[in-house]
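First up is the structure itself, then whatever we jot down about it.
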Amino acid sequence: MSGGRYRYLFSPLRVGPVVVRNRIVFSAHLTNYAQNGLPSEQHAEYYAARAAGGAGLIITEEHSTHETDWPYEKLIHGFHREVIPGYRRITEAVHAHDTPIFAQLNHNGGQTSSMYSRLPVWAPSPVPDPMFREVPKAIDHREIAEVVAGYGTVAGHCAEGGFDGVELQCSHSSIVRGFLSPATNKRTDSYGGSLPNRARILLEIIDAVREAIGGDRALGVRLCGDELIEGGTTIDEAVEVAKLVEATGKVDYINTSIGVATSTLYMIEASMAIPPGYALFIANAIREAVRLPVIGVGRIKDPVQAERALAEGHCDLVGVVRGQIADADFAAKARAGHSTEIRTCLSCNQECVGRMGLNRWLGCIENPRTGKESVPLLVPLSPPGPRPKRVFVVGGGPAGLQAASTAAQRGHHVTLFERNDTTGGQAAVAASIPSRAEFLDVVRNLLAECQRYGVDIKTGAEVSAELLRSESPDTVVLATGAKPQKPYWAGDLARVVDVRDVLEGRAAPEGEVVVLDDLGFHQATSTAELLADRGCSVRISTSGMVVGQDLGVTLDMETFNVRAHAKGIRQHTDEVILAASEVDGRIVLRVLTHTTGVTRELGCDWVVCATHQQPEDQLWQELKDAPFPVHRAGDCVTPRRAHAAVIEGHRVGVAL
């Protein structure tokens with residue numbers, strides 16, 4: 001089938017000796033799927049799923065080129081020959097779908113620690129990275145030659161393993177970027193100073209890799225267009241490096257990036273706070289300067305955005321990573337004219353970037369199959385039993401919608417009951433804040449799936465145990481969520497409310513507002529912003545060392561702090577509220593600073609609490625002796641975040 005409305009996106013392109021069938025690239029990103037330094041079966045199935053889903057080109061995560069490079073535990077050690085059988089499993093699985101696959105090669109340089117390798121960290125100069133805070137060893141000319149040779153060795157392993165090409169990671173986390181950047185290259189020899197000197201190691205690596213892979217495989221270079229750090233590489237120098245790369249005559253394409261994978265990581269894997277296409281200016285500038293194909297990136301999450309990037313001439317190919325993490329069939333659905341069926345990425349970073357930061361394998365808040373492609377239990381969905389069941393799902397939040405969708409896909413007759421007028425549950429509440437509006441995509445996507453598979457959705461429908469017993473379905477799934485509960489110290493004070501009271505319109509705080517952050521995530525910070533926008537004077541109080549501490553995991557911390565400062569939001573840490581009373585129309589809080597043991601009184605007009613909820617489990621209690629099986633999913637089991645709701649909803653739907 002043709003690409004229909006997508007004139008550019010589904011046109012083929014030659015990249016050196018390789019022809020890609022469309023312009024959608026599943027660009028390199030970490031997965032934590034490696035086992036003992038080797039590629040795993042999960043790698044093969046993960047990449048194969050995106051190949052089957054129509055990606056034009058797949059570029060794997062990085063393969064380390066030297067033993068001194070071990071920044072995180074589950075890294076592929078490409079310098080060992082033992083990787084080759086795993087490489088072959090990956091390439092054969094992807095080639096089965098007629099999709100080319102490249103391997104990314106890298107040495108992280110000074111952006112690492114010696115924790116895993118027990119060896120000194122190598123870098124162009126002894127400039128400590130702001131995250132790892134370890135002084136690296138400035139490598140000498142013999143060690144530079146060793147690094148260059150390492151790239152050649154791993155490139156040879158990749159060729160032997162069946163890859164169609166390799167990409168040199170010289171961008172956000174790389175020893176090569178370290179050499180290119182004036183901020184981290186302080187050398188005075190032939191590898192420092194002028195740009196040609198700083199680019200010398202890159203050109204030597206290009207020579208070594210091209211010799212190792214020959215002329216029938218593609219070679220690409222990924223460059224950082226702007227490090228966004230003081231004294232770092234900016235777009236003008238990046239363009240000059242691209243020209244040097246092209247002048248070698250040995251490179252077939254240039255990929256792009258923005259930021260540094262430690263101090264400005266939040267701009268590499270940008271959250272929904274950053275506009276889509278924000279980094280396309282880099283690809284645009286480089287494309288104007290060279291004739292090589294250029295890959296553009298920057299939170300491009302749907303095919304319309306990708307098509308526009310091509311049509312406007314910003315790039316020749318488009319990197320879509322999180323969009324294809326969320327939906328492996330992203331490209332195929334767009335090509336077939338079914339773009340509305342794509343599970344659109346939320347850019348929430350909770351299960352992709354967030355899990356990686358916690359040293360867990362990559363997953364997706366929306367797609368319970370991501371990261372589990374090699375597990376037969378989850379994919380493909382098994383057929384139902386001897387006859388389809390009549391399934392009632394109570395609750396239309398993410399857990400209920402996912403359970404209903406999965407059960408309906410399996411062939412069951414599903415009815416979903418939601419007591420509110422619209423579906424979405426707390427996800428819809430969270431998305432009511434303008435800065436979090438894209439979070440509603442999880443509801444739109446799941447609701448569309450339910451409608452597509454024939455789920456009968458009844459809104460404004462309060463369900464009782466008596467109703468369920470009288471209807472006598474084959475199975476009931478309870479996804480009734482959770483409800484707010486006041487802190488023990490709040491008593492019956494009317495102006496101590498929950499964030500949900502504010503977001504759902506039951507309370508409208510004014511004047512001086514204290515927002516209590518017990519959850520360390522978006523609940524407090526987003527509501528604080530909303531209240532500040534409404535003219536309130538806002539103070540956030542938390543017992544933690546940082547307000548919204550988990551925002552650091554999802555790369556929202558930096559952008560929140562910028563906005564909070566602009567809006568006059570004050571942040572106070574290490575505080576515990578012990579008691580509250582009302583005096584002369586004001587709320588008076590007794591607050592303990594637990595680092596010092598000092599208590600004091602704090603006055604305000606309202607207190608808005610982001611505190612732990614309690615399960616809505618009354619139906620569960622009333623149905624314990626029901627004559628039909630009753631399952632639970634999501635917050636009615638115990639309150640957590642949306643990923644748990646989706647996973648449990650899918651798990652229940654599969655099990656029916």
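Each reported figure results from applying straightforward, stated rules to the coordinates on display, with no laboratory input. Here the structure is a predicted model, which means the values were calculated and not measured. Cβ placement follows ideal geometry from the backbone for every residue including glycine, while neighbour counts extend to all protein chains displayed.
When you filter the trypsin sites (Lys or Arg not before Pro) in segment 1-74 for DSSP loop state and at most 14 other Cβ atoms inside 10 Å of their Cβ, you are left with Arg5, Arg7. Taking 0.36 nm per residue of separation and subtracting the current Cα-Cα distance, fully stretching the chain between Ala247 and Arg586 would add 114.9 nm.
Taking other C-beta atoms within 10 Å as the exposure proxy, Met131, Met267 rank Met131, Met267 from fewest upward. Using only the Cα atoms of segment 1-147, each taken as one equal point scatterer with no solvent, compute I(q) by the Debye sum, divide by I(0), and report log10 of the ratio at q = 0.09, 0.10, 0.11 Å⁻¹. Computed log10 I(q)/I(0) values: -0.37, -0.44, -0.52. Here the label points at Glu211 and Arg14, each 7 Å from Cα along the C-beta direction, are separated by 2.8 nm in the simple model.
For Lys458, what is the net charge nearby, where nearby means another residue's Cβ is under 15 Å from its Cβ and Lys, Arg count +1, Asp, Glu -1? That works out to -3. Computed from label points 7 Å out along Cα-Cβ, the spacing between Glu230 and Val598 is 3.1 nm.
Can you figure out the FRET efficiency of Arg291 with Arg640, using R₀ = 45 Å and their beta-carbon distance, to the nearest 0.05? Working from the Cβ atoms, E equals 0.30. Within segment 244-327, the percentage of alpha carbon pairs spaced more than 14 angstrom apart rounds to 63%. Taking all pairs of different Cα atoms in segment 520-656, averaging 1/r and flipping that mean, what Kirkwood radius in angstroms comes out? For segment 520-656, inverting the mean 1/r across all distinct Cα pairs yields 17.9 Å.
In segment 595-656, the ratio of gyration radius to Kirkwood radius, Rg to Rh, stands at 1.25 when only Cα atoms are counted.
Ordering Glu351, Glu312 from the fewest to the most neighbouring beta carbons within 10 Å gives Glu312, Glu351. Find, to one decimal place in angstroms, the Kirkwood hydrodynamic radius of segment 233-278, where the mean of 1/r is taken over every pair of different Cα atoms and then inverted. For segment 233-278, inverting the mean 1/r across all distinct Cα pairs yields 12.5 Å.
Where only DSSP H runs of four or more residues are counted, the chain gives -9000 deg cm²/dmol as its mean residue ellipticity at 222 nm, each run worth -39500 (n - 2.57). The alpha carbons of segment 308-459 stretch over 51, 38, 37 Å along the principal axes, in descending order. A quarter of the convex hull surface defined by the alpha-carbon atoms of segment 43-120 gives 5.3 nm² as the mean projection. Directionally averaged projected area (segment 469-508, Cα convex hull): 5.0 nm². Scanning the chain for DSSP H helices at least 24 Å long along the axis (C-alpha atoms) with a Kyte-Doolittle mean no lower than 0.0 picks out 141-160. Normalised by 2.2 N^0.38 Å, with N the number of residues, the alpha-carbon radius of gyration of the chain equals 1.03.
Orientation-averaged projection of segment 67-156 equals 6.7 nm² [convex hull of Cα atoms, one quarter of hull surface area]. Extension gain for Asp474-Ala579 works out to 32.9 nm (0.36 nm per residue, less the C-alpha to C-alpha distance). So what does log10 I(q)/I(0) come out to for segment 260-380 at q = 0.16, 0.17 Å⁻¹, using the Debye formula with one equal point on every Cα and no solvent? Calculated log10 I(q)/I(0) at the listed q: -0.84, -0.93. Once the mean of 1/r is taken over each pair of separate Cα atoms and inverted, segment 131-283 shows a Kirkwood hydrodynamic radius of 16.1 Å.
The smallest convex shape that holds all Cα atoms of segment 13-357, its convex hull, gives 116 Å³ per residue. Contact order normalised by length for the chain, with contacts defined as Cα pairs under 8 Å and 6 or more residues apart; what percent is it? With pairs under 8 Å counted, the relative contact order is 11 percent. Taking Lys and Arg as +1 and Asp and Glu as -1, the other residues whose beta-carbon sits under 12 Å from that of Pro71 total -4. The residues Arg343, Arg563, when put in order of fewest to most other Cβ atoms within 10 Å, stand as Arg563, Arg343. Taking a straight line from the alpha carbon of Lys486, these lysines sit under 30 Å away, with near neighbours fewer than eight places off in the same chain left out: Lys567, Lys624.
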